[in-house]
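The values are calculated or read from the model by the stated rules, or taken from the named source; none is laboratory data. Keep in mind it's a predicted model, so treat the numbers as computed, not measured. Cβ placement follows ideal geometry from the backbone for every residue including glycine, while neighbour counts extend to all protein chains displayed. Ligands, DNA and RNA are excluded from the accessible area calculation, which covers all protein heavy atoms including side chains. Shrake-Rupley method; radii C 1.70, N 1.55, O 1.52, S 1.80 Å.
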Amino acid sequence: MLRVENLVRRFGGITATDNLSLDVARGELHAIIGPNGAGKTTLISQLTGQLLPNSGAIRFAGREITTMPSYKRSALGLARSFQITSLLTDFTALDNVALAVQAHDGHSFYFWGSARNEKHLREAARSALARVGLGHRADVVVSELSHGEQRELELAVALATKPQLLLLDEPMAGLGITESARMVKLLQELRQEVTIVLVEHDMDAVFALADRITVLVYGRVIASGAPSAIRQNEEVRRAYLGDQHAVTDHA
Ligand code: ATP
């Protein structure tokens with residue numbers, strides 16, 4: 001579904017993406033891990049079109065999208081959530097999702113009032129809220145939602161555009177233990193419906209969720225494979241995991 005070939009992105013003297021190649025198969029949950037500054041967010045930004053690479057190619061669902069603008073990628077079914085999502089804090093959860101549906105449908109010329117009143121927008125928004133377990137919070141203003149609920153709402157906003165591929169940039173960041181567990185459960189459900197690329201530092205979540213893991217260090221892929229292979233990979237242990245997640249894989 002997604003193929004990245006020999007991608008390079010430099011910032012001055014830093015090569016944040018260094019000849020990186022990666023494949024994501026339809027239906028898989030593919031985690032990207034690596035130490036701070038490894039280039040994970042830089043990669044995601046190139047996948048969504050917020051940043052353009054210096055060289056290399058990105059293909060999505062059979063089309064070359066390397067230099068395609070973000071809105072066109074979004075129309076093709078590529079959605080990003082979290083680090084760049086900004087919720088409208090004075091509006092309700094339902095309004096936030098309805099606006100996302102409206103923008104994706106290409107009706108941004110409508111006046112705001114119409115998103116709130118249009119039946120098909122409201123229905124699509126309600127269904128996205130229900131999918132993330134926020135159906136009962138639809139009419140609550142965002143600023144009154146808990147941090148965990150806001151994260152779930154961001155996910156609903158991304159889902160409302162009916163993506164084929166969901167790019168998640170650190171969905172567990174800032175969540176407590178209970179909220180993280182809820183998010184893992186939610187992602188476990190969503191992965192049945194949508195292909196997911198997950199950037200995450202929470203290794204318990206990554207190893208619980210991923211079909212495949214790619215490990216980046218200094219913008220380069222040092223390993224890519226099933227969680228069991230990644231746990232046992234010597235270079236990955238040295239560069240990133242340490243012993244904590246490398247010890248056993250027999251459970
Ligand atoms: P983290 O886990 O801390 O979020 P990351 O793996 O997402 O890190 P990036 O944020 O992609 O890493 O950064 C990769 C490298 O590129 C770092 O050395 C960073 O300082 C550099 N970098 C990223 N964005 C820019 C920018 N806009 N200008 C200059 N350097 C940048």
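Taking a Cβ cut-off of under 10 Å around I58, the surrounding Lys, Arg, Asp and Glu residues balance to a net charge of +2, with basic ones at +1 and acidic ones at -1.
In whole percent, how big is the carbon plus sulfur part of the accessible area of the chain, probe 1.4 Å, protein atoms only? Its accessible area is 50 percent carbon and sulfur atoms. Ordering T41, T17, T161, T178 by accessible surface, largest first, gives T178, T41, T161, T17; the 1.4 Å probe counts only protein heavy atoms, with every chain in place.
Calculated [222 nm] ellipticity per residue, helices only, for the chain: -10000 deg cm²/dmol; basis is -39500 (n - 2.57) per DSSP H run with n ≥ 4, divided by all residues, nearest 500. Electrostatic tally near L43: other residues with Cβ closer than 12 Å to its Cβ, Lys and Arg +1, Asp and Glu -1, net +2. Net charge dipole, the chain: roughly 640 debye, given to the nearest 20, about the Cα centre with Cβ charges of +1 for Lys and Arg and -1 for Asp and Glu.
Applying 0.36 nm per residue to the separation of D23 and D139 and subtracting their alpha-carbon distance, the gain on full extension is 37.8 nm. Is the C-alpha gyration tensor of the range 120-174 telling us rounded, prolate or oblate? Criteria: a/c under 1.5 is rounded; beyond that, a/b larger than b/c is prolate, otherwise oblate. It comes out oblate by the Cα gyration axes.
Report the charge-dipole magnitude of the range 1-59 in Debye, nearest 20, computed about the Cα centre from +1 at each Lys and Arg Cβ and -1 at each Asp and Glu Cβ. Write out the running numbers ahead of the final one.
Working: 6 positive and 4 negative charges, 23 e Å.
Here the size comes out at about 120 debye.
Within the same chain, lysines fewer than 8 places from K72 are excluded, and of the rest, those with a Cα less than 25 Å from its Cα are K40, K162. The modelled label-to-label distance for the pair D211/R10, using points 7 Å beyond Cα in the direction of Cβ, is 3.7 nm.
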